[in-house]
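The values are calculated or read from the model by the stated rules, or taken from the named source; none is laboratory data. Source: prediction; values computed, not measured. Note: ideal-geometry Cβ built from the backbone for every residue, glycine included; neighbour counts use all protein chains shown.
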Amino acid sequence: MVKCEFLFDFGSPNSYLAWKVLPGIEERTGVRFDYVPVLLGGIFKATGNSSPAVAFAGVKGKMAYEMLEMRRFISKHGLTAFKMNPHFPVNTLHLMRGAIFARQQNLLPAYMDAVMHHMWEEPKKMDEPDVIMAALAESGLDASAILEGAQDAGVKAALLENTEKAVARGVFGAPSFFVGDELFFGKDRLSAVEEEILAQSA
């Protein structure tokens, strides 16, 4: 079985959009992606990268085109539930630590469903502990246990390790994907990701 990884940060709208498309790729190829939480801010700092809103701010027409491509992607895949978070950019440190804890507790799928929903479908200011607590509880999760677990020293270290390993492997943003050792960046590379899976599986 080909090893496939999805490196994500909840603060990236493109991570949400890719996450919605991945199940179809899994169904068609028979692979299962390993969902790897990373801290996008840490990746940016380590690589000298910045968000498109910052990086392209001085390039005439560039951000308008980026938004056009996003609308095309949303339309192509029928992702009508998506709403741009009015609080963007959101500091995701607590959320990403929560993802590490949820993964350790075998709760990551339910946790991702909840956080993605409250970040990109019914957008909230998901960098405030009280807001996170209420959102997770609304989604039927043990919010207190998750927020407490997210403060564990081992959880914090694991998120840092994931982030540092990603940078060491050439990652500079999110979403990023690995098919074996082959790196792909961005939701617009998902067709290439699927092609590489099929090639490595042949």
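Among the residues of the range 78-88, are any closer than 24 Å to Glu148 by Cα, loosely packed, with under 13 Cβ neighbours inside 10 Å, out of contact with any helix residue (DSSP H, G or I) (no Cβ under 6 Å at 6 or more places or on another chain) and at pLDDT 95 or above?
no
From the list Gly140, Gly170, exactly one residue is on the phi > 0 side of the Ramachandran plot, touching a strand residue (DSSP E or B) at 6+ places or on another chain (Cβ under 8 Å) and at pLDDT 95 or above. Which is it?
Just one listed residue meets the conditions, Gly170.
Val31 - would you say it is at pLDDT 95 or above, part of a loop (DSSP other than H, G, I, E, B), among the aliphatic types (A, V, I, L, M) and buried (at least 18 other Cβ atoms within 10 Å of the Cβ)?
yes
Find the residue count for the range 117-141, including only residues that are crowded, with 17+ Cβ neighbours inside 10 Å, part of a helix (DSSP H, G or I) and not β-branched (Val, Ile, Thr).
Within the range 117-141, residues that are crowded, with 17+ Cβ neighbours inside 10 Å, part of a helix (DSSP H, G or I) and not β-branched (Val, Ile, Thr) number 6.
Just to check your reading of the model, which residue among Met119, Met126 is in contact with a Phe, Trp or Tyr (Cβ under 6 Å, 6 or more places away or on another chain) and either closer than 19 Å to Leu7 by Cβ or touching a residue at least 60 places away in the same chain (Cβ under 8 Å) (or both)?
Only one candidate qualifies: Met119.
Within the group Ala135, Ala150, which residue is without any contact (Cβ under 8 Å) to a residue 40 or more places away in the chain and among the small types (Gly, Ala, Ser)?
Within the list Ala135, Ala150, the selection yields Ala135.
Enumerate the pairs (first residue in the range 52-67 and within 15 Å of Pro13 (Cβ to Cβ); second residue anywhere and at pLDDT below 90) with beta-carbon separation below 8 Å, excluding pairs fewer than 6 apart on the same chain, so at least 6 apart or on different chains.
Met63/Pro52; Met63/Ala53; Met63/Phe56; Met63/Ala57; Glu66/Pro52; Glu66/Phe56
Listed here are the residues, each with its yes/no results for (1) assigned to a helix (DSSP H, G or I); (2) farther than 14 Å from Phe172 by Cβ; (3) within 19 Å of the chain's Cα centre (by Cα).
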{"position": "Trp19", "(1), (2), (3)": "yes, yes, yes"}
{"position": "Ile43", "(1), (2), (3)": "yes, no, yes"}
{"position": "Ala46", "(1), (2), (3)": "yes, no, yes"}
{"position": "Ala57", "(1), (2), (3)": "no, yes, no"}
{"position": "Leu68", "(1), (2), (3)": "yes, yes, no"}
{"position": "Arg71", "(1), (2), (3)": "yes, yes, yes"}
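Checking Gln105 against (1) surrounded by 19 or more Cβ atoms within 10 Å (Cβ to Cβ); (2) more than 30 Å from Ala55 (Cβ to Cβ), only one condition comes out false. Which one?
(1) is the only condition that Gln105 fails.
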